[in-house]
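The values are calculated or read from the model by the stated rules, or taken from the named source; none is laboratory data. Because the structure is a prediction, the values reported are computed rather than measured. Heads up, the Cβs are rebuilt from the backbone with ideal geometry, glycines too, and the neighbour counts pull from every protein chain shown. The protein model used for the area step is the full one, side chains on, heavy atoms only, and it has no ligands, DNA or RNA in it. Shrake-Rupley method; radii C 1.70, N 1.55, O 1.52, S 1.80 Å.
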Amino acid sequence: KNQVEQSPQSLIILEGKNCTLQCNYTVSPFSNLRWYKQDTGRGPVSLTIMTFSENTKSNGRYTATLDADTKQSSLHITASQLSDSASYICVVKLTGGGNKLTFGTGTQLKVEL
Amino acid sequence: DTGVSQDPRHKITKRGQNVTFRCDPISEHNRLYWYRQTLGQGPEFLTYFQNEAQLEKSRLLSDRFSAERPKGSFSTLEIQRTEQGDSAMYLCASSPTGWDQPQHFGDGTRLSIL
C-alpha cells in the first residue's frame, strides 16, 4: 500500500476554471509535506513546502492546505492556464532520514481550451 | 542556467551492457540525491550524498548499481549488467543542508534497455 495516496488519478478541466487535488498520507513521523509539479519529460519542480504546524501556503495561483491531524493535504489551483497541464505530486518527508522523500503517484492534470 | 544538469538525457543500450550517468548539482548544494521513476509513478529514492559521503542507500539499489560523488561535486550512477527492469527515468536532485530545503531536480536520464 502506497504511503502517499493521491486523488483523482487524472483530471481534465477547462482553462480559467479552478480545481483541487487531494493527498492522504500514512507515513510517520512526519516532518513536512511538499507539492511538486512535473511537466512531461522534465524533472519535478517544487511548489510549496509545509511543516506540520502550517495549515496553508500559497505560491501564486497555487494554494496548499494541510491537516496534520487527519493526514490530509490539498492543492488548489485557481484560474487554470494551459501551462498548468502537468503531473502534480504530493511528497512527504519523514523526521530524520537525511531529507529522504516519499512520493505519491501524482495527479495528471490536463487544462483544455 | 545554474540548475541541476544530467547527462545524457537519453540512453539506449542492450541488455547486459553497463551504463553510467552523470549529475552536476547546483554548485552551493552539498546534498545530492538519485531517484528512479517509472511511467505513471512518482520518483523512488535510490541514494543520497552529503558532500562526498554516501549516507543512505535504498534496498532498491541492488549490487549492480553503484553511485559515487568523489569530490563532493558531480556524481555518477553506474548500472552494471543492465536488465529490462532497469528501464526508467533516473533523476538527480540537490539541496542545501536543512530539513526544510526544497530539492531541485534535473530533467533526468531516460534509460531504455533493448
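Restricted to the stretch B:55-69, and to residues there that are within 14 Å of chain A (Cβ to nearest Cβ) and within 27 Å of B:ARG15 (Cβ to Cβ), the residue that is most open to solvent (accessible area, probe 1.4 Å) is B:ARG59.
Residue pairs whose Cβ atoms lie under 8 Å apart, sitting 6 or more positions apart in sequence or on different chains, and linking a residue in the stretch A:53-64 that is on the phi < 0 side of the Ramachandran plot and at pLDDT 95 or above to a partner that is of a type in the set (D, E, K, R) and part of a strand (DSSP E or B), are A:THR63/A:LYS57; A:ALA64/A:LYS57. If I filter the stretch A:88-105 for residues that are away from chain B (no Cβ under 14 Å) and closer than 25 Å to B:GLY108 by Cβ, do I get at least one hit? No: the stretch A:88-105 contains no residue that is away from chain B (no Cβ under 14 Å) and closer than 25 Å to B:GLY108 by Cβ.
Residue by residue, here is whether (1) open to solvent by 40 Å² or more (accessible area, probe 1.4 Å); (2) at pLDDT below 95 holds:
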position: B:THR20; (1), (2): yes, no
position: B:ARG31; (1), (2): no, yes
position: B:MET89; (1), (2): no, no
position: B:ASP100; (1), (2): yes, yes
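How many residues does the stretch A:34-54 contain that are under 30 Å from B:HIS10 (Cα atoms) and surrounded by 12 or more Cβ atoms within 10 Å (Cβ to Cβ)? If you could, list the steps in order and put the result at the bottom.
Within the stretch A:34-54, the subset under 30 Å from B:HIS10 (Cα atoms) is A:34-48.
Still in the list and also surrounded by 12 or more Cβ atoms within 10 Å (Cβ to Cβ): A:34-39, A:42-48.
Total satisfying the criteria: 13.
Of all the criteria given as (1) open to solvent by less than 60 Å² (accessible area, probe 1.4 Å); (2) under 30 Å from B:PRO25 (Cβ atoms), the one not satisfied by A:PRO8 is (2). With respect to the conditions (1) under 18 Å from A:GLY106 (Cβ atoms); (2) away from chain B (no Cβ under 11 Å); (3) surrounded by 17 or more Cβ atoms within 10 Å (Cβ to Cβ); (4) of a type outside the set (A, V, I, L, M, F, W, C), A:LYS57 falls short on a single one, namely (1). Scanning the stretch A:15-52 for residues that are in contact (Cβ under 8 Å) with a residue 60 or more places away in the chain and assigned to a loop (DSSP other than H, G, I, E, B) gives A:GLU15, A:GLY16, A:LYS17, A:ASN18, A:VAL27, A:SER28, A:PRO29.
Return the only residue of A:SER31, A:SER80, A:SER74 being within 29 Å of B:TYR90 (Cα to Cα), open to solvent by less than 70 Å² (accessible area, probe 1.4 Å) and at pLDDT 95 or above.
On the way: A:SER31 fails: at pLDDT 95 or above; A:SER80 fails: within 29 Å of B:TYR90 (Cα to Cα).
Result of the check over A:SER31, A:SER80, A:SER74: A:SER74.
In the stretch B:70-114, which residue that is basic (Lys, Arg) and away from chain A (no Cβ under 14 Å) is farthest from A:THR51 (Cα to Cα)? Steps first, answer last, please.
Filtering the stretch B:70-114 down to residues basic (Lys, Arg) leaves B:71, B:81, B:110.
Checking which are away from chain A (no Cβ under 14 Å) leaves us with B:71, B:81.
Values: B:LYS71: 33, B:ARG81: 42 Å.
It comes out as B:ARG81.
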